[in-house]
Amino acid sequence: MNSKDPKHRPETIAITAGRPEVGADSALNQPISLNSTFVAGGAIGYGRYGNETWTALEEAISALEGGKTLSYSSGMAAISAVFSTLPAGAKVVASDQGYSGVMTLLGNLNAAKKLKAEFVSIADTNAVIAVLDGADLLWIESPTNPSLDVADLPALIKEAKSRGITVAVDNTFATALTQQPLAMGADIVMNSVTKYLAGHSDVVLGSLSTNDPVHYKALEDARKFNGSIPGPFEAWLALRGIRTFPLRFQRASENALEIAKRLSQHPLVTRVRYPGLASDPQHAKAKAFMKGFGAIVSFEYAGDAAATDKVCESSKIITFATSLGGVESLWERRRRWPIESASVPETLIRLSVGCEDIEDLWTDIDSALHTAR
Ligand SMILES: *Cc1c(COP(=O)(O)O)cnc(C)c1O
């Protein structure tokens, strides 16, 4: 199929990419390949080196993000693969606020002197530029989890590349539908496929995409020899999820904007973070290069931590659970996790807006906010 026809838009690509060749009675969907070994003489050889179902998924993600993609057993496995390719003692510039797993991993690698992490506010472009000299890697997550800070991607990528620094972007919140970091000049784009791409809260998977054959080879070696490979069934589920990814993401993003607007008028909410809100301090910067603002809304409750937990427990439609990016709405008080950054307020709720009816969702949110009082 013409899955990589550059004229096709993402809504089409998500449906056409990663399919088997068309022929009489050929399968429409890539089958789940359950093989640890392959007959000698071919390109794969062994089940830790390759798998036809991974390849189909990787083609689909490449068609959305650009570049060439490698899938991994989780988002964190993909991130670990990037850090594992750095020389010992490498300097990594990263956000001082971001996904708690990455913050923990970088903190541990830094403490063990395996690399030197320099944490900086990623939303403060000048502060990032000020610490770039001598860095080996600029790690950008944008918007950040859970604070929804936005990095000025075009500016930061340009500054880092002019210094010869590798730039990797965690695109999990934004997705390829709102920004394509490789097209902006980034070297590596990472996705927690667990989230919007797979989209049904039933699979843990990650990916890295790159245009650079040297990075590709190093990252493929990291997967082969660290052994952080995806399961074929998980790859198949993720590819199935991608077929409806643009539909789901668009609907969830529309719901999120409406909920963010209503939350910002709510008497029991003290602050709302959503880069799509015109009143959000990140809005102008985000609007300059993003095509949408995603479906995560973070807000602070007018109460203490216990009351905020009660809000999350009081909903009927929205599930009190971690993770994000599924068709179903989820929320949680992020600081219930001991590894969450102390800069995240105790009363911050991260809401992953799903695809339910907007009025049903709002009734549920409003009632939970009042029940906890
Ligand atoms: C969930 C998440 C990850 C980690 O992905 P896993 O698939 O859970 O390993 C990394 N970055 C962001 C922004 C995430 O939300």
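The values are calculated or read from the model by the stated rules, or taken from the named source; none is laboratory data. For clarity, every value in this text was computed on a predicted model and none was experimentally measured. In this analysis, Cβ positions are derived from the backbone assuming ideal geometry, glycine residues included, and neighbour counts consider all displayed protein chains. What goes into the accessible areas is simple: the full protein's heavy atoms, side chains included, and nothing from ligands, DNA or RNA. Shrake-Rupley method; radii C 1.70, N 1.55, O 1.52, S 1.80 Å.
For region 176-198, give me each residue that is outside any strand (DSSP E or B) and within 11 Å of the ligand (Cβ to nearest atom).
Within region 176-198, Val193, Thr194, Lys195, Tyr196, Leu197, Ala198 qualify.
Return yes or no: is Lys261 in contact (Cβ under 8 Å) with a residue 12 or more places away in the chain, outside the structural domain of Thr144 (by TED's automatic domain parsing), open to solvent by 20 Å² or more (accessible area, probe 1.4 Å) and basic (Lys, Arg)?
Values: in contact (Cβ under 8 Å) with a residue 12 or more places away in the chain: yes; outside the structural domain of Thr144 (by TED's automatic domain parsing): yes; open to solvent by 20 Å² or more (accessible area, probe 1.4 Å): yes; basic (Lys, Arg): yes.
Criteria met by Lys261.
Looking only at residues in region 125-153 that are touching a helix residue (DSSP H, G or I) at 6+ places or on another chain (Cβ under 8 Å) and assigned to a helix (DSSP H, G or I), which one is farthest from Gly164 (Cα to Cα)?
So, considering only residues that are touching a helix residue (DSSP H, G or I) at 6+ places or on another chain (Cβ under 8 Å) and assigned to a helix (DSSP H, G or I), the one farthest from Gly164 (Cα to Cα) is Thr125.
Does any residue of region 232-242 turn out to be in contact with a His (Cβ under 9 Å, 6 or more places away or on another chain) and surrounded by fewer than 18 Cβ atoms within 10 Å (Cβ to Cβ)? Lay out the reasoning, then the answer.
The first filter runs over region 232-242 and keeps only residues in contact with a His (Cβ under 9 Å, 6 or more places away or on another chain), leaving 237, 240-241.
Keeping just the survivors that are surrounded by fewer than 18 Cβ atoms within 10 Å (Cβ to Cβ) gives 240.
Looking for residues that are in contact with a His (Cβ under 9 Å, 6 or more places away or on another chain) and surrounded by fewer than 18 Cβ atoms within 10 Å (Cβ to Cβ), one finds at least one in region 232-242, hence yes.
Within region 327-345, is even one residue within 16 Å of the ligand (Cβ to nearest atom), buried (at least 17 other Cβ atoms within 10 Å of the Cβ), of a type in the set (Asp, Glu) and free of Cβ contacts under 8 Å to residues at least 24 places away in the same chain?
Taking every residue of region 327-345 in turn, at least one turns out to be within 16 Å of the ligand (Cβ to nearest atom), buried (at least 17 other Cβ atoms within 10 Å of the Cβ), of a type in the set (Asp, Glu) and free of Cβ contacts under 8 Å to residues at least 24 places away in the same chain.
All but one of (1) assigned to a strand (DSSP E or B); (2) free of Cβ contacts under 8 Å to residues at least 40 places away in the same chain hold for Ile44, so report the exception by its number.
The one condition Ile44 does not meet is (1).
List the residue pairs whose Cβ atoms are under 9 Å apart, where the first residue sits in region 87-103 and is more than 21 Å from Ser343 (Cα to Cα), the second is open to solvent by 40 Å² or more (accessible area, probe 1.4 Å) and part of a strand (DSSP E or B), and the two are 6 or more positions apart or on different chains.
Hits for this filter: Gly89/Lys116; Ala90/Lys116; Lys91/Lys116; Lys91/Glu118.
So, in region 155-169, of the ones that are on the phi < 0 side of the Ramachandran plot and open to solvent by 10 Å² or more (accessible area, probe 1.4 Å), which residue ends up nearest to the ligand (Cβ to nearest atom)? Give the steps one after another, and end with the answer.
We begin by selecting, within region 155-169, every residue on the phi < 0 side of the Ramachandran plot; these are 155-163, 165-169.
From what's left, open to solvent by 10 Å² or more (accessible area, probe 1.4 Å): 155, 158-159, 161-163, 166.
Numbers: Ala155: 21, Lys158: 23, Glu159: 22, Lys161: 23, Ser162: 26, Arg163: 25, Thr166: 18 Å.
Ranking the qualifying residues of region 155-169, first place goes to Thr166.
Report whether or not Ser201 is under 24 Å from Gln179 (Cβ atoms), of a type in the set (S, T, N, Q) and open to solvent by 10 Å² or more (accessible area, probe 1.4 Å).
Numbers: under 24 Å from Gln179 (Cβ atoms): yes; of a type in the set (S, T, N, Q): yes; open to solvent by 10 Å² or more (accessible area, probe 1.4 Å): yes.
Yes: the conditions hold for Ser201.
Can you give me the number of residues within region 346-373 that are open to solvent by 50 Å² or more (accessible area, probe 1.4 Å) and basic (Lys, Arg)?
Matching residues across region 346-373 total 1.
Quick one: in region 39-66, of everything that is touching a strand residue (DSSP E or B) at 6+ places or on another chain (Cβ under 7 Å) and among the aromatic types (Phe, Trp, Tyr), which residue is most open to solvent (accessible area, probe 1.4 Å)?
Among those that are touching a strand residue (DSSP E or B) at 6+ places or on another chain (Cβ under 7 Å) and among the aromatic types (Phe, Trp, Tyr), it is Tyr46.
Within region 67-110, can you find the residues that are among the aliphatic types (A, V, I, L, M), within 15 Å of the ligand (Cβ to nearest atom) and surrounded by fewer than 19 Cβ atoms within 10 Å (Cβ to Cβ)? Write out each step before concluding.
Residues of region 67-110 among the aliphatic types (A, V, I, L, M): 70, 76-79, 81-82, 86, 88, 90, 92-94, 102-103, 105-106, 109.
Those still in the list that are within 15 Å of the ligand (Cβ to nearest atom) too: 70, 76-79, 81-82, 94, 102-103, 105-106.
Correct list: Leu105 only.
Being farther than 22 Å from Lys91 by Cα and either touching an Asp or Glu at 6+ places or on another chain (Cβ under 9 Å) or of a type in the set (A, V, I, L, M, F, W, C) (or both) is the requirement here; does Ala160 meet it?
Numbers: farther than 22 Å from Lys91 by Cα: no; either touching an Asp or Glu at 6+ places or on another chain (Cβ under 9 Å) or of a type in the set (A, V, I, L, M, F, W, C) (or both): yes.
Spelling it out, it is not the case that Ala160 is farther than 22 Å from Lys91 by Cα and either touching an Asp or Glu at 6+ places or on another chain (Cβ under 9 Å) or of a type in the set (A, V, I, L, M, F, W, C) (or both).
Of the numbered conditions (1) more than 11 Å from the ligand (Cβ to nearest atom); (2) open to solvent by less than 30 Å² (accessible area, probe 1.4 Å), Asp152 satisfies every one except a single condition; which is it?
The single condition Asp152 does not satisfy is (2).
Working carefully through the options Ser201, Ser207, find the one that is within 12 Å of the ligand (Cβ to nearest atom) and part of a strand (DSSP E or B).
Unique residue meeting the criteria: Ser207.
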